[in-house]
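Read the figures in this text as sums done on the coordinates, not as results from a lab. Note that the structure is predicted; figures quoted are calculated from it, not measured. Don't worry about glycine lacking a Cβ; one is built from the backbone with ideal geometry, like all the others, and counts go over all protein chains shown.
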């Protein structure tokens, strides 16, 4: 009978260089992380790269688990940050193109996807493009991705107060642009 280790035990062993623990951790979480990230990015290649980078960060010791939450949440924060970094070069238009690509690959679009599709062709598209990348990133994280202020702060690598301030500034600029 094999011993089933907890997620935390596996992660600690993998970070210490235990290859079997790392492989088990990967088998447990890579499919889940891939599915979650594909909900945010239609480019399967980018998602696969981000998943690999996430696990490589653990293996190489660049990502440190402080045991202050569940392992899945910790992996999600690393993966989502890496995805934001990967998409940052594309900007808002790239994310909209990805949302539209998801629309083309499914029979029925979700309400969120219909809104995103409308954004590219309406007044909101121009208003979003005129926002600074920092303000757009906060809106992406908090409005489109549905993250809390605290989660967005972790993903974006900025303090929660900065997330709140940028969100307020972004909303104010959008209201002014659309008025």
So if I take the centroid of the Cα atoms in segment 1-58 and the same for segment 139-179, what is the distance between those two points in Å? 29 Å
Ranked packing of 162-172, 49-59, most packed first, by mean Cβ within 10 Å: 49-59, 162-172
With a cut-off of 8 Å between alpha carbons and a minimum separation of six or more residues, what is the relative contact order of segment 7-88 in percent? 34 percent
